[in-house]
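One structure below.
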Amino acid sequence: MNPFLGLGLLLAGLLTVEGLLKSNFSPENHEAVSQGQVEKGKGTAQELAKRNADFGLKLFKKLSFSSPDNNILFSPWSISMAFSMLSLGAQDSTLAEIKEGFNFRNIPEKDLHEAFHYLIHRLNQRNQDQRLGLGNALFIDQKVKPKQKFLTEVRNMYKADTIPTNFRNSENAQKQINNYVSQKTQGKINNLVKNIDPGTVMLLINYIFFRARWQHEFDPKETKEEDFILDRNKTVKVPMMFHVGMYKVGHDDQLSCTILEIPYQSNFTAIFVLPEEGRMKQVEQALGPDTFARWKKLLVRRVADVFVPRLTITSSYDLKKMLSHLGISKIFEEHGDLTRISPHRNLKVDEAVHKATLKMDEKGTEGAAGSGAQTLPMETPIRVKINHRFLLMIWETKMNNLLFFGKIVNPSGR
């Protein structure tokens, strides 16, 4: 019997939230795509964004249940995109599991991939206020002999680079892949691949790279070291940023939590959810598909004294383990069917790792234009101090697409 050929899957997410930015990052220029081709997926894209948020919610609950006292950070969008791309190579019950686990059911395959294509094209934009790049790459050993149809579809629909790789020399392959990811993320995500399992013949890399400028910056002079409350009456010192301005703020009496929205310059926004102390578990258990929409309705623009910890968080997950809790297992098993990738009956996903990094600070870049002062109405500011465990969500607002989802238990990263 032939040994099984391993297909690795590595997903990297990088989110840096800063004051003002200068960057030479530029998404890869793939072959020109006609506007008509892109617009095809628009109709399904909104529905897909909603389902992506629901998937993010499901995965968050599993991650939080298994590690209630750990920081959590992941990109539902990144993970969904990678597995949708893999579904181009899956058949029968393996394909059905992916569709069910990622909420793709009842979306025709053609519409699904066109919707991802539309969202990738829409998100892979840059201007002076934000840089968002996302991409996919397939590192393929010559022994796989992937089907041309699969390669064409991943390139056209997902803008995936395909890179010949000699996995028999694992040290060189590891270096090649890490250099690729490092280059694509401007050196922010390094050493994504720690080791390559023997038998690996194909590695799928997905990355999302997001740097954004706050609509209203925090002044570094106002940042002071303050206590952030951990559980069991323990505290940790963190640099606490401060800004007074007009913010959308709301309170959910039902779940005993405060919701704060801090927008970026472009079509992106950060939602902070601060449960009252000791109520995080209650909020997590109550999270459902309608919770986000309900929270948005509670938000009201008003003057607020906002305190947010400056932080850098990195999380890494074994998706093989986590997705099995969501009923996605066949793609990792010997009886899975990935014959639309390669005629080999013995191809399976051997490894699936997702790594996400969040950097949130107030700093500006010398020489860039400031955002200007706000004129504030004469009212007593509401005080919102993010000084104990909280939820954080980064949304693209036009399509209502959830890019990052996190729970910050300890901003110092320890």
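So here's what we get for this one:
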| read-out | value |
| --- | --- |
| Residue-span extension gain [K296 to N195] - 0.36 nm each, minus C-alpha spacing | 32.1 nm |
| Cα lying deepest toward the dipole's positive end in the range 202-293, options T269, T235, A212, charges on Cβ | A212 |
| 5 angstrom amide H check on L230, placed H, neighbours 5+ away | T235, V236 |
| Ranked list, fewest to most other Cβ atoms within 10 Å of each Cβ, for K321, K407 | K321, K407 |
| Sparsely packed GluC sites (Glu not before Pro) within the range 84-189, loop by DSSP, other Cβ within 10 Å at most 10 | none |
| Summed residue charge, Cβ within 10 Å of K330's Cβ, Lys/Arg positive, Asp/Glu negative | -4 |
| Spin-label pair Q91/K175, simplified geometry with 7 Å Cα→Cβ offset, distance in nm | 3.9 |
| Exposure proxy ranking, count of Cβ atoms within 10 Å, fewest first, for R340, R389, R232, R105 | R232, R105, R340, R389 |
| Neighbourhood charge, 12 Å Cβ-Cβ cut-off, centred on K149 and excluding it, Lys, Arg +1 and Asp, Glu -1 | +2 |
| Förster radius 60 Å - calculated FRET efficiency between E100 and K221 (Cβ-Cβ, nearest 0.05) | 0.70 |
| Rounded FRET efficiency, nearest 0.05, which uses the C-beta distance separating E334 from R168 and R0 of 22 Å | 0.50 |
| Against the rule of thumb 2.2 N^0.38 Å, how large the Cα Rg of the range 150-201 comes out | 1.26 |
| Karplus 3J(HN,Hα) series, Hz, for the range 72-83 with 6.51 cos²θ - 1.76 cosθ + 1.60 (x for Gly, Pro) | 10, 8, 7, 10, x, 4, 4, 5, 4, 4, 4, 6 |
| Approximate spin-label separation K234-K42, in nm, with each point projected 7 Å along Cα-to-Cβ | 5.2 |
| Fraction of the pair-distance distribution of the range 142-237 above 19 Å, Cα-Cα pairs, percent | 64 |
| For the range 190-276, the fraction of alpha-carbon pairs in successive 10 Å shells from zero, as % | 12, 26, 29, 19, 12, 2 |
| Karplus (6.51, -1.76, 1.60) ³J(HN,Hα), θ = phi - 60°, over the range 382-387, in Hz, Gly and Pro reported as x | 7, 9, 10, 10, 7, 10 |
| Proximal lysines relative to K58, as straight alpha-carbon distance under 21 Å, when same-chain residues fewer than 8 apart are discounted | K50, K99, K281, K296, K320, K321, K330, K355, K407 |
| Distance violations [Cα-Cα > 29 Å] among K237/K297; K145/K398; K159/K348; K297/K385; K110/K248 | K237/K297; K145/K398; K110/K248 |
| The range 238-310, relative contact order in percent, only Cα pairs under 8 angstrom and at least six apart counted | 49 |
| Which of L132, L57 has the fewest Cβ neighbours within 10 Å, and the rest in rising order | L57, L132 |
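Read-outs: derived from the displayed coordinates by stated rules, not from any lab. Treat the numbers as computed from the prediction; the structure is a model and nothing was measured. All Cβ positions, glycine included, derive from the backbone under ideal geometry; neighbour counts span all protein chains shown.
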